[in-house]
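> Let me give you the structure first, and then I'll get to my questions.
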Amino acid sequence: MRIAAGLAKGRLLKSPKGRKIRPTSEKVKSAFFNIISDDINNASFLDLFSGTGNVGIEALSRGARRTVFAEKDGYSVQLLRENILLTGMQEFATVLPCDVHRALKILGGKKEQFNIIYIDPPYKYQGIAEILHLLFKENLVENGGIIAVERDSHAEERETWLENAPFQPWQRKIYGDTLLVLLKNVEIL
């Protein structure tokens, strides 16, 4: 894994060894940041199921003012913290070493809001709809904010989690085995 652009461009990140962690591919990461390129500068970024921090650190490198990482796996949290140090981004990074639901409640209690949220759970994870509703309930997404959800493009579930989603579907892209669904927080008049 490597940072593709910005301040930390070219820096290699530590990768998991022999673990069942699936970092976001370079192709998907680059495509995502190309889509949101006009929105990343000075953004507040939330990286859920952050793993080694590949996406959230890329956001910082490309101009986000801060990234909050939520990850519960101890091994991943260790790699995440090492990667933040390797890229010199510790001043702009906050790590919440807990499950995503707890992290969202903590952030909601602090009245935090984010411009861009990246959700990349294990592909077999079935709680996307619940996370979207919790983001809405805790008022964590700025008006006009973007939410990206990474899933398996071959999964039988498809996008059933989009039914009754509190955010407006915006774009749907497939990159090989990866489905990337983007939503926006827009007020419906």
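Just so you know, all these numbers are worked out from the coordinates, no wet-lab data involved. In this text the structure is predicted, and so the values were computed from the model without any measurement. Glycine gets a Cβ as well: all are built from the backbone with ideal geometry, and neighbour counts include every protein chain shown.
> May I ask which residue of Phe49, Gly74, Ile116 lies farthest towards the positive end of the charge dipole of the range 26-184, with charges of +1 (Lys, Arg) and -1 (Asp, Glu) on Cβ and the Cα centre as origin?
Farthest towards the positive pole: Ile116.
> Let me ask something additional. Fewest first, what order do Asp38, Asp177, Asp47, Asp73 take by the number of other Cβ atoms within 10 Å?
Ranked by crowding around the Cβ, least crowded first: Asp38, Asp177, Asp73, Asp47.
> Amide H neighbours of Val95 under 5 Å, counting only residues 5+ apart in sequence or on other chains, H built in-plane at 1.01 Å?
Long-range HN contacts for Val95: Phe69.
> For the range 11-109, which chymotrypsin sites (Phe, Trp or Tyr not before Pro) pass both filters: DSSP loop (anything but H, G, I, E, B) and at most 10 other C-beta atoms within 10 Å?
Filter output for the range 11-109: empty list.
> Still on this model: Just to compare against my own numbers: the Cα pair-distance distribution for the chain, 5 Å bins, whole % per bin, please.
Reading the bins upward from 0: 1, 8, 18, 22, 23, 17, 8, 2, 0, 0.
> Still on this structure: Got a sec? How would Ser37, Ser44, Ser25 order by Cβ neighbour count within 10 Å, fewest to most?
Ser37, Ser25, Ser44
> Right, here's the next one. Checking the a/c ratio against 1.5 first, then a/b against b/c, what shape does the Cα gyration tensor give for the range 1-99?
prolate
> Still on this model: Enter the per residue convex hull volume of the range 145-186, computed from alpha-carbon coordinates, in Å³ rounded to the nearest integer.
That works out to 52 Å³ per residue.
> Under the rule of -39500 (n - 2.57) per DSSP H run of 4 or more residues, summed and divided by the residues of the chain, what mean residue ellipticity at 222 nm is obtained, to the nearest 500 deg cm²/dmol?
About -8000 deg cm²/dmol.
> Please report how many Lys pairs in the range 26-184 have alpha carbons closer than 13 angstrom, counting only residues at least 8 apart along the chain or sitting on separate chains.
Final tally of qualifying lysine pairs is 4.
> So, one more: Assuming 0.36 nm per residue, please report the length gained on full extension of the stretch His154 to Asp177 beyond their Cα-Cα distance.
7.6 nm
> What helices does the chain hold that run 15 Å or longer along their axis, going by alpha-carbon atoms, with a Kyte-Doolittle average of 0.0 or more, using DSSP H for the helix calls?
Helices meeting the span and hydropathy rule in the chain are 74-86.
> What is the fewest-to-most order of Trp161, Trp170 by other Cβ atoms lying within 10 Å of their Cβ?
Trp170, Trp161
> Placing unit charges on C-beta atoms (Lys and Arg positive, Asp and Glu negative, everything else neutral), compute the dipole magnitude of the range 95-176 about its Cα centre in debye, rounded to 20.
200 debye
> Charges only on Cβ, +1 for Lys and Arg, -1 for Asp and Glu: so what's the dipole of the chain about the Cα centre, in debye to the nearest 20?
600 debye
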